[in-house]
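These notes concern the structure reproduced below.
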Amino acid sequence: MRYFARPLLLVSTVLATPALAADLTPLTYNLNWLPQAEHCGFFQAKATGLYEEAGLDVTLVSGGPETNVPILVAGGAVDLGMGSSFTTMNMAAEGIDGVTIAAFLQKSPQSLVAHPGQGVETLADLIDREIMVANFSRTEFWQFLKAEHGFRDEQLRPYAYSSAPFLADKRAVQQGYVTEDVFLLGAEMDEPPVSILLADYGYQDYASTVFGMSKWLNEKREAVEAFLGASAEGWRACIDGDYEPAKQAVMAANPDHSAALFDFKMSQMIALDMVTGESDLPIGSMDAARWNSFAETMKTAGVYAETLDPTKAYDLTFLPSK
């Protein structure tokens, strides 16, 4: 694991609010990346006072390429962190008592991107193509593709988070995110790229999750449940299209994030039912069967030992009863 030594960037310093009542419970939530539309519900709850109404003084802490959120949470530098199913599965594999308590994206944005007009329409069309995948991703979604869809390591090519190699070769395929592929890559292409969402092919990784250390979570259960409830309210506003407060807050905290990109990302999340899934699940929902199925896939792929107990990685008791 990489250790993080930079000062924390507190997003709340940008989202200045009037002095809060002394009886509000402070809580810090470390984002998994720089503020962006995929964090909409949290910024909506912060900007519109939902957290304060729930009795909380929430600080949203920016993530980034050098941020190791599990280390920060495990070490007590922050209270809660944003991750994915892999986050606390990895912690459980290392004997660290971190658990995921909610998932605000039912579908991971992870995608594979190809050029149009190259005979690529579905995931199966990529089975014999070379694919640019980052080293980190080779231990995550690539293992799913191998275990469930027959992809092979011989297909792998380096990916260094630059679009230049992809744009220079019409046969190229690279990893991407469905929330931005068409907007960012498409701006430099004659036609929009083909973006294949892995969640549509059985990739069960939860995204935009909330996780924390089990002991702390149980000690602060009331505050944690209030945080999840207010965050869900924020996300409901976002997917109902009432996300202007969140958009302004994100752009203030991350000036490189444009309004147009925010709107595109939200349009994708809404159109693809990324927050609630096609079954219109309660916002934040998780399911034990899905966790167990995900764990079995990753055990088959050799990512985790057969002895790993997936129930160590999640706790469903913080979610509202259905």
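The values are calculated or read from the model by the stated rules, or taken from the named source; none is laboratory data. Computed from a predicted model, the values in this text were never measured in an experiment. Glycine also receives a Cβ, built like all others from the backbone with ideal geometry; neighbour counts cover every protein chain displayed. The protein model used for the area step is the full one, side chains on, heavy atoms only, and it has no ligands, DNA or RNA in it. Shrake-Rupley method; radii C 1.70, N 1.55, O 1.52, S 1.80 Å.
For the reader, a short list of remarks on this structure follows.
- Scanning the range 245-262 for residues being surrounded by 14 or more Cβ atoms within 10 Å (Cβ to Cβ) and either touching a strand residue (DSSP E or B) at 6+ places or on another chain (Cβ under 6 Å) or assigned to a helix (DSSP H, G or I) (or both) gives a total of 11.
- Qualifying residue in the range 281-301 (condition: modelled with pLDDT under 95, exposed (fewer than 15 other Cβ atoms within 10 Å of the Cβ) and of a type outside the set (V, I, T)): no
- The listed residue being touching a residue at least 60 places away in the same chain (Cβ under 8 Å), over 30 Å from D23 (Cβ atoms) and either of a type in the set (D, E) or in contact with a helix residue (DSSP H, G or I) (Cβ under 9 Å, 6 or more places away or on another chain) (or both), out of D190, D205, D125: D205
- Qualifying residue in the range 267-275 (condition: buried (at least 18 other Cβ atoms within 10 Å of the Cβ), assigned to a helix (DSSP H, G or I) and touching a Pro at 6+ places or on another chain (Cβ under 6 Å)): no
- For the range 43-59, a tally of residues being over 15 Å from G212 (Cβ atoms) and either modelled with pLDDT under 95 or touching a strand residue (DSSP E or B) at 6+ places or on another chain (Cβ under 8 Å) (or both) returns 6.
- Of all residues in the range 119-137, those being under 21 Å from S162 (Cα atoms) and either open to solvent by 60 Å² or more (accessible area, probe 1.4 Å) or in a loop (DSSP other than H, G, I, E, B) (or both) number 5.
- Residue within the range 192-202 that is surrounded by 17 or more Cβ atoms within 10 Å (Cβ to Cβ), more than 27 Å from E296 (Cβ to Cβ), at pLDDT 95 or above and in contact with a Leu (Cβ under 7 Å, 6 or more places away or on another chain) present: yes
- Residues of the range 33-58 satisfying the condition of being open to solvent by 20 Å² or more (accessible area, probe 1.4 Å), more than 21 Å from K220 (Cα to Cα) and in a loop (DSSP other than H, G, I, E, B): W33, L34, Q36, T48
- Where strands (runs of 3 or more DSSP E) fall entirely within the range 143-223, those with at least 1 residues that are of a type in the set (K, R) are at 156-158.
- Checking each residue in the range 138-171 for being under 25 Å from Q204 (Cα atoms), exposed (fewer than 15 other Cβ atoms within 10 Å of the Cβ) and touching a Lys or Arg at 6+ places or on another chain (Cβ under 9 Å) picks out R152, D153.
- Residue in the range 88-98 that is over 24 Å from K247 (Cα atoms), hydroxyl-bearing (S, T, Y) and at pLDDT 95 or above present: yes
- Just so you know, in the range 230-244 the residues that are more than 20 Å from A207 (Cα to Cα) and not in a helix (DSSP H, G or I) include one that is most open to solvent (accessible area, probe 1.4 Å), and it is D242.
- Here the range 59-111 is the region considered, the condition is being of a type in the set (V, I, T) and in a helix (DSSP H, G or I), and the residue that is nearest to A249 (Cα to Cα) is V69.
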